[in-house]
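Written below as structure tokens is the structure these notes are about.
A short reminder: the numbers here are calculations on the coordinates, not readings from a lab. This is a predicted model, so every value here is computed, not measured. Here the Cβ positions follow ideal geometry from the backbone for every residue, glycine too, while neighbour counts run over all protein chains shown.
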């Protein structure tokens, strides 16, 4: 059957530039926690990187501690159980809730949570699968990249200067943006993702796009 979401992803990002086969045991371990559509994509795509590491579909187990750190003390940990299903070269994490689907982005370099209250409500199974198709087919290179202080995209220049990323690496700003660093090529370093994102979380709590009224409504839903 034709999968428009996969076709859109391949048109945007091309074929995988890195791939790890997903063990059958891992697929079964996540069944019932993550949407079936995501597990089907894992069988087809593996855990994989695209466009030389700009966008990745990831093993959630590798990110559980990071997600817990970033959501600790926020209302999101009360709303749903969230798991990382993708990330960018710059450490933006895409999260999927067990009841809310692919509904939250953690823009870690900017210490910001990106989500809409209307997406943080329990969804029927077909809507959970639809959220995964939207995640796979709706991502764009420009949205995964960052522009520097002069409005110029950074990824291709970082790739040329610093080399390609391994699955556990990212391009990070030093000094960190939240600590007053500038979004410039000369400030980018190739860093271990888990270590750098842990440091960023220690520097500041993430900002949330919700009012207290929104949060109260979500917790009652």
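Of everything in region 186-205 that's in a helix (DSSP H, G or I) and touching a strand residue (DSSP E or B) at 6+ places or on another chain (Cβ under 7 Å), which residue is nearest to residue 152 (Cα to Cα)?
So the first thing to find is which residues in region 186-205 are in a helix (DSSP H, G or I), and the list is 186-187, 193-203.
Right, trim to touching a strand residue (DSSP E or B) at 6+ places or on another chain (Cβ under 7 Å) and you get 187, 193, 196.
Details: 187: 14, 193: 24, 196: 24 Å.
The extreme case among them is 187.
Can you name the residue in region 149-178 that is in a helix (DSSP H, G or I) and touching a strand residue (DSSP E or B) at 6+ places or on another chain (Cβ under 9 Å) and is also nearest to residue 19 (Cα to Cα) among such residues? Steps first, answer last, please.
Start the filter on region 149-178 by keeping residues that are in a helix (DSSP H, G or I), which leaves 155-162, 177-178.
If we keep only those that are touching a strand residue (DSSP E or B) at 6+ places or on another chain (Cβ under 9 Å) too, we end up with 155, 157-159, 161-162.
Values: 155: 20, 157: 23, 158: 21, 159: 19, 161: 23, 162: 21 Å.
In this case the residue turns out to be 159.
Pick from region 58-77 the residues that are touching a helix residue (DSSP H, G or I) at 6+ places or on another chain (Cβ under 6 Å) and not in a loop (DSSP other than H, G, I, E, B): which of them is farthest from residue 201 (Cα to Cα)?
At the first step, the residues of region 58-77 found to be touching a helix residue (DSSP H, G or I) at 6+ places or on another chain (Cβ under 6 Å) are 66, 69-71, 75, 77.
Checking which are not in a loop (DSSP other than H, G, I, E, B) leaves us with 66, 69-71, 77.
On the way: 66: 9, 69: 7, 70: 6, 71: 10, 77: 16 Å.
Ranking the candidates gives 77 first.
Across region 138-158, the number of residues qualifying as buried (at least 18 other Cβ atoms within 10 Å of the Cβ) and either over 27 Å from residue 5 (Cα atoms) or out of contact with any helix residue (DSSP H, G or I) (no Cβ under 9 Å at 6 or more places or on another chain) (or both) comes to 1. Within region 115-134, restricting attention to residues that are in contact with a strand residue (DSSP E or B) (Cβ under 7 Å, 6 or more places away or on another chain) and assigned to a helix (DSSP H, G or I), the residue that is nearest to residue 44 (Cα to Cα) is 132. Do we have residue 95 as closer than 14 Å to residue 128 by Cα and either surrounded by 22 or more Cβ atoms within 10 Å (Cβ to Cβ) or touching a strand residue (DSSP E or B) at 6+ places or on another chain (Cβ under 9 Å) (or both) here? Yes, satisfied. Of all residues in region 141-172, those that are closer than 18 Å to residue 55 by Cα and touching a residue at least 12 places away in the same chain (Cβ under 8 Å) total 20.
Scan region 31-39 and give yes if some residue there is within 16 Å of the chain's Cα centre (by Cα), assigned to a helix (DSSP H, G or I) and closer than 24 Å to residue 164 by Cβ, otherwise no. Taking every residue of region 31-39 in turn, none turns out to be within 16 Å of the chain's Cα centre (by Cα), assigned to a helix (DSSP H, G or I) and closer than 24 Å to residue 164 by Cβ.
Only residues that are under 8 Å from the mean Cα position of the chain (by Cα) and either part of a strand (DSSP E or B) or free of Cβ contacts under 8 Å to residues at least 60 places away in the same chain (or both) were counted in region 87-103, giving 6.
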